[in-house]
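I'd like to ask you about the structure that follows.
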Amino acid sequence: MDLSLILMGVGIVLIIISFFLQDRTKHIEKEVEELSIGIYQETNGIKRRLKIVEEELLLEPNFKVQSPKPAPKKTPMETFQQVASQMKNTHPSASQGQQASGNTKPIHSILVSQVIELDKQGLSIEEISKLSTLTPDQVRSILSNGGI
């Protein structure tokens, strides 16, 4: 019986000591939970931003990105101008009925909104024309009609 009493005493002492020791797993679990919540929030934010960009660019849901071809580095404005010219060519049905005098091609709604925003920023018609790939007459037409 002496051995059983000793073992029972040691067990009770260990149980009492375990109450006073801090549980490290709770701290680690809390950190993992905070990390997973942060990742979840970041993922949702990225999804929302991607959805907004897709809507702005009028991309279809089944849009597939082609692998990029090696090309010389371009400035962001050159890239925008290239995309804008491609959109004018590929999405004529999505463009508004804006027409410049002597030009029968409609102006895409993204370009119209860009011209209006650049005008709000105080840029001159010539500067807006250079940035938006439109002629000064087209820019004047958009601004005089208010984008309609």
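The values are calculated or read from the model by the stated rules, or taken from the named source; none is laboratory data. Everything quoted here is computed from the prediction, not taken from an experiment. Here the Cβ positions follow ideal geometry from the backbone for every residue, glycine too, while neighbour counts run over all protein chains shown.
Among the residues of the stretch 6-59, which ones are part of a helix (DSSP H, G or I) and either assigned by TED's automatic domain parsing to the domain that holds Ser113 or under 30 Å from His108 (Cβ atoms) (or both)? Lay out the reasoning, then the answer.
Restricting attention to the stretch 6-59, the residues satisfying the condition of being part of a helix (DSSP H, G or I) are 6-20, 24-56.
Within the stretch 6-59, Gly45, Ile46, Lys47, Arg48, Arg49, Leu50, Lys51, Ile52, Val53, Glu54, Glu55, Glu56 qualify.
Here's another thing I want to ask about it. Can you go through Lys69, Lys47, Lys26 and tell me which one is at pLDDT below 70 and more than 23 Å from Ser141 (Cβ to Cβ)?
Values: Lys47 fails: at pLDDT below 70; Lys26 fails: at pLDDT below 70.
Only one candidate passes the filter, namely Lys69.
Ok, one more. Could you grab me the full set of residues in the stretch 115-126 that are under 17 Å from Ala84 (Cα atoms) and either surrounded by 14 or more Cβ atoms within 10 Å (Cβ to Cβ) or of a type in the set (Phe, Trp, Tyr) (or both)?
Those that are under 17 Å from Ala84 (Cα atoms) and either surrounded by 14 or more Cβ atoms within 10 Å (Cβ to Cβ) or of a type in the set (Phe, Trp, Tyr) (or both): Val115, Ile116, Leu118.
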